[in-house]
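Visitor: Got a structure here, written out as structure tokens. Questions coming.
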């Protein structure tokens with residue numbers, strides 16, 4: 001029990017690290033994912049191909065390999081950034097592939113008639129996408145994006161092994177200080193539950209407000 | 001999506017072709033830096049008996065020792081990635097002990113164990129003893145037993161060759177310093193130089209890699225380990241400053257096995273007297289250019 | 001592409017415009033690729049010295065050993081996950097309330113935890129061997145996800161089927177094994193294989209607890225000063241193999257799925273297993 005009370009600041013820093021990774025990587029993943037989804041439905045062949053390759057490769061890459069390649073590989077090109085920036089980059093790119101697929105299937109659920117109506121009103125491709133299709137797709141996309149982001153929060157644990165300060169990594173310090181390992185892990189587990197439950201609650205609210213009644 | 005399997009198969013085939021190029025050269029790529037081919041030979045004490053030691057009894061039934069070592073420390077404990085062979089001073093000490101306790105060193109089952117997991121491995125019997133830059137200290141003496149010390153190292157700093165700012169531990173403020181998680185050097189920097197930014201990995205080889213790619217500014221640990229790395233890439237890295245600690249290296253044994261510990265103390269003393277210790281040093285760590293020091297005095301402590 | 005809501009079948013002028021965009025986009029993409037290649041070349045990644053290690057049989061064998069260990073962990077974890085998934089799904093469909101509650105609790109807990117936390121817990125706190133820790137961690141997580149897939153699969157079989165079976169006087173076990181499961185398995189197969197892709201990808205977590213798998217072998221070569229730190233070459237060799245293996249398995253899932261959509265015997269489809277959606281208060285909860 002005292003593991004937590006004696007090490008508030010350590011746990012706090014770890015939890016903050018995990019939250020930071022989750023938030024920034026989520027933003028990156030959402031932006032990249034939507035762009036890639038746009039590519040994948042674009043009328044331009046080479047963009048479609050690029051989007052498909054991006055998604056296929058990243059979805060089939062083990063995240064540990066991606067972390068390994070990004071955190072130890074990119075510095076070789078003279079890119080010296082803080083470790084957590086690299087971690088955000090790896091997590092964000094990886095998750096963007098899953099976001100892209102969620103958004104794309106959301107776009108595909110919008111009835112064809114909606115687009116036809118928009119075009120017959122004289123809307124351009126950009127207007128159709130931005131004002132008609134995406135707002136509708138957004139609603140069906142909320143639940144899958146939510147679970148993808150929960151998966152992202154859980155995946156952020158890998159960063160701890162690449163010298164990024166985050167929740168799982170705190171066990172090492174606690175172990176050195178001689179605290180009970182079982183209790184340390186229990187509190188780490190609670191920390192992850194807090195993060196994932198928060199995301200899940202957030203998306204619950206989103207879905208209640210904007211979701212499609214099913 | 002029809003191209004999917006073809007793309008996947010092509011990727012696999014291309015990569016496997018690189019790997020399985022049937023005309024692979026035998027063996028492993030040549031190692032850099034000096035390499036001692038003349039390793040000393042240790043006669044096996046076939047009639048040796050140690051009935052008081054449960055670890056020894058277990059090894060007797062198994063027929064060989066299981067020894068924990070490091071795999072990424074040039075000239076101390078290094079594994080050739082390709083052949084799987086272990087080389088280095090620590091490995092020689094491990095062989096010496098095995099021979100003195102009646103087991104052929106050729107039969108040793110080596111196990112690479114990271115610094116953070118040494119106590120665990122000894123406590124749960126994964127290994128019989130551990131030889132791998134294992135510093136003796138009072139905290140660890142509560143968890144494991146130590147035979148020796150067999151070597152005295154000291155903490156030092158490894159930097160890039162062109163580094164001019166860092167001359168000693170006092171210049172570390174705001175610098176990124178890398179060490180192995182859970183190691184003594186890591187804890188010392190944390191306690192004595194809190195202004196340094198600490199970076200931790202499981203192994204030193206990633207630290208050295210980070211140093212060369214400008215992700216960290218210095219690697220700190222025992223001079224013996226750093227010397228090995230510097231000797232492998234003398235144009236890129238150098239050691240700076242004087243050692244700022246004393247690190248007596250011991251052989252880790254299970255806590256509840258004093259019989260094994262004292263038997264190893266005897267064996268070490270004998271090896272230091274008959275010259276095997278110096279021979280082992282010269283064939284390994286000595287290749288980095290530092291002549292053999294006087295071996296430290298064996299500490300036969302008793303647990304109260 | 002005519003079935004999306006986004007655009008009509010393009011006319012001649014639009015096609016010409018799209019071609020123009022296509023050329024521009026292709027140029028940009030090729031430029032980026034060329035820049036990456038130049039960077040690789042400029043930092044000396046194509047120098048022979050960094051690639052020579054791969055010529056030696058010892059290194060090749062090291063990589064193949066690593067690959068073997070990866071596949072071994074995957075095979076054991078896959079079999080055990082399927083077994084655990086079956087047990088947990090049976091538990092969740094049980095008529096005894098305590099059993100149902102216990103299994104629900106287990107499934108929800110293991111799905112909510114990061115796999116890596118479980119693997120580290122087993123490795124550090126329970127002091128297991130790396131392979132055991134990896135396999136048990138993967139099994140607990142994937143088994144729980146598969147349990148949900150199995151349950152959804154059994155529920156997806158049309159109601160009339162089990163009503164008819166009970167009406168014939170079959171016992172619950174008989175209904176399950178003779179009527180529901182055989183039909184459910186067909187619908188579930190693509191999803192099960194997709195989940196196995198996740199398991200295969202996650203075997204690389206073993207790298208973090210020093211299990212000597214494929215990535216570990218790569219790291220040994222990449223961080224070796226004797227070979228001039230051939231990090232990029234190692235990544236260029238091992239990632240196509242990893243990605244290729246996962247792609248083949250993913251493709252198998254799509255292929256099975258497509259075959260079954262044409263098969264009239266299979267009704268309905270089980271959606272993909274969403275990691276962690278069934279958290280209390282979760283989007284689908």
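Each value in this text was obtained by applying a stated rule to the coordinates, not by laboratory testing. Everything numeric here is computed off the predicted structure, so don't read it as measured data. Because the Cβ atoms are built from the backbone with ideal geometry, glycine has one as well, and the counts that use them run over all protein chains shown.
Visitor: Can you grab the distance from the C-alpha centre of region A:150-205 to the C-alpha centre of region C:76-102, Å, no decimals?
Guide: Taking the Cα centre of each part, region A:150-205 and region C:76-102 sit 27 Å apart.
Visitor: Further question on the same structure: In the Gaussian network model of chain B, springs joining C-alpha atoms below 10 Å, which of B:152, B:188, B:87 carries the largest mean-square fluctuation?
Guide: Largest GNM mean-square fluctuation: B:188.
Visitor: Continuing with this model, one more query. Which of the three applies to chain C, rounded, prolate or oblate, going by the alpha-carbon gyration tensor with a ≥ b ≥ c and a/c under 1.5 meaning rounded?
Guide: Note, shape of chain C comes out oblate.
Visitor: Which of rounded, prolate or oblate describes chain A when judged by the alpha-carbon gyration tensor and an a/c cut-off of 1.5?
Guide: Since a/c reaches 1.5 but b/c is at least a/b, the shape of chain A is classed as oblate.
Visitor: Which ordering of B:235, A:2, B:52, C:226 is given by a fewest-first count of other beta-carbon atoms within 10 Å?
Guide: B:235, A:2, B:52, C:226
Visitor: Then there's this: 222 nm [θ] for chain A, helices only, -39500 (n - 2.57) per DSSP H run of 4+, per residue, to 500?
Guide: Only helices count here, giving -25500 deg cm²/dmol.
Visitor: Compute the separation of the alpha-carbon centres of region C:153-192 and region A:1-73 and state it in Å as a whole number.
Guide: 39
Visitor: For each of B:47, C:57, count neighbouring Cβ atoms within 10 Å of the residue's Cβ, then give the residues from fewest to most.
Guide: The order, fewest Cβ neighbours first, is B:47, C:57.
Visitor: How do A:16, B:227, C:33 line up, fewest other C-beta atoms within 10 Å first?
Guide: C:33, A:16, B:227
Visitor: Sticking with this one: Once you have a ≥ b ≥ c as the square roots of the Cα gyration tensor eigenvalues for region C:129-276, tell me rounded if a/c is under 1.5, and otherwise prolate or oblate according to whether a/b is larger than b/c.
Guide: prolate
Visitor: Roughly how far apart, in whole Å, are the Cα centres of region B:257-304 and region C:44-70?
Guide: Between the Cα centre of region B:257-304 and that of region C:44-70, the gap is 37 Å.
Visitor: Further, regarding this structure: Hey, in the GNM for chain A with a 10 angstrom Cα cutoff, which one of A:104, A:76, A:139 fluctuates hardest?
Guide: Most flexible of the set in this elastic network: A:76.
Visitor: Continuing with this model, one more query. So what's the back-of-envelope 222 nm ellipticity for chain C, counting only DSSP H runs of four-plus at -39500 (n - 2.57) apiece and dividing by all residues, rounded to 500?
Guide: -23000 deg cm²/dmol
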